[in-house]
Amino acid sequence: SWGGCGPAPAPEPAAAAGPESPADPRRCKPAPGTTGSPSTIAEAVALANGLPFPVTAECFVEALDRPLQIEATKSRSSLQRAEGERSPRVFIWGADSLVISVVLDGPARDLIEFGQFVAPRRTIKGELEFPLTAPVPTAAALDRVRNPEYPRITRCFVCHDREEDEPSVPGGRSSLALRPRASTLVDVATLHAELQRCDREAEPARCRWLAALFTHGPVERRAFDAELPVL
């Protein structure tokens with residue numbers, strides 16, 4: 001109480017909530033010098049390296065800026081395949097030039113894929129496996145997609161044609177960017193409803209993924225460019 005101490009001081013203006021603000025309740029948020037809206041694979045790796053170790057895939061997504069712009073697909077036609085409509089593959093736009101993709105369940109749930117646009121229809125591919133227990137270089141994300149039997153190409157070559165070395169990113173190989181087929185899309189409201197019905201005792205890992213997507217700010221749909229070829 002200020003009753004015995006004279007008039008109470010005027011309250012100071014509230015600080016705007018942001019990645020570094022005490023008002024930001026997230027455990028996982030961008031460290032100083034990193035961004036929650038990465039535009040390159042290198043910036044995405046830096047974001048991951050700045051998070052509290054061990055860094056989970058869900059922690060990485062929690063640290064991304066909101067509103068989160070996503071497109072979700074139930075398609076199984078990918079190395080990082082969806083497990084159906086209730087556990088789709090989710091594409092997240094870090095910035096206009098970087099697409100981040102995750103899956104909520106199944107064998108690829110601890111992998112995050114990256115597609116960095118170097119031309120309107122071409123992306124460099126990269127991938128990280130979580131949890132991270134120590135910082136990793138950008139080269140680790142580029143090397144991880146290399147085909148172990150044919151190191152001159154990547155595993156992405158199975159779906160993404162016209163692969164070639166990308167001089168602007170040492171160690172990177174670019175190929176055609178693809179968009180999911182319209183008939184496979186899962187809308188944001190349908191996916192958000194999965195969080196409401198998720199059984200945290202029966203499926204704790206899947207529920208954590210849904211919470212990482214939806215409990216840290218607005219989520220909205222962002223469609224791929226209609227000029228991109230369909231997967």
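The values are calculated or read from the model by the stated rules, or taken from the named source; none is laboratory data. Computed from a prediction, not measured in an experiment: that's the story for all the values here. For accessibility, only protein heavy atoms count, side chains too; no ligands or nucleic acids. Shrake-Rupley method; radii C 1.70, N 1.55, O 1.52, S 1.80 Å.
Some notes on this structure:
- Share of pairwise Cα separations in the stretch 67-123, more than 15 Å, in percent: 47
- For the stretch 48-149, carbon and sulfur atoms together expose 51% of the accessible surface, with a 1.4 angstrom probe and every protein chain in place.
- Over 15 Å [Cα-Cα, the stretch 80-167], rounded percent: 63
- Considered as an equivalent ellipsoid built on the Cα gyration tensor, the stretch 34-104 has semi-axes of 22, 14, 10 Å, the largest given first.
- The tail of the calculated P(r) for the stretch 141-195 beyond 19 Å holds 45 percent of all Cα-Cα pairs.
- Beta bridges per DSSP, both residues in the chain: antiparallel share near 90 percent.
- Computed from phi, the 3J(HN,Hα) profile of the stretch 169-175 under the Karplus parametrisation 6.51, -1.76, 1.60 (θ = phi - 60°) reads 10, x, x, x, 10, 9, 7 Hz, with x in place of Gly and Pro.
- Sum of -39500 (n - 2.57) over DSSP H runs of 4+, divided by residues of the chain (222 nm, nearest 500): -5000 deg cm²/dmol
- Among Arg86, Arg181, Arg122, Arg197, the order of accessible area from largest down is Arg197, Arg181, Arg86, Arg122, computed with a 1.4 Å probe on protein heavy atoms.
- For the stretch 175-218, taking Cα atoms only, Rg and Dmax work out to 13.4, 41 Å respectively.
- For the stretch 127-231, diffusion coefficient by Stokes-Einstein and Kirkwood Rh (Cα), 37 °C, 0.692 mPa s, µm²/s: 192
- Alpha carbon centroid spacing (whole Å) that separates the stretch 155-231 from the stretch 87-123: 5
- Here's how it looks for Arg146: its modeled amide H is under 5 Å from those of Arg155, which are all 5 or more places away or on a different chain.
- Measuring only protein heavy atoms, the 1.4 Å probe finds Thr40 accessible over about 40 Å².
- Per residue, the solvent-accessible area of the stretch 136-218 (1.4 Å probe, heavy atoms of protein chains only, all protein chains present) comes to 57 Å².
- With Cα atoms, 0 to 90° folded angle of helix 204-214 axis to the chain main axis: 80
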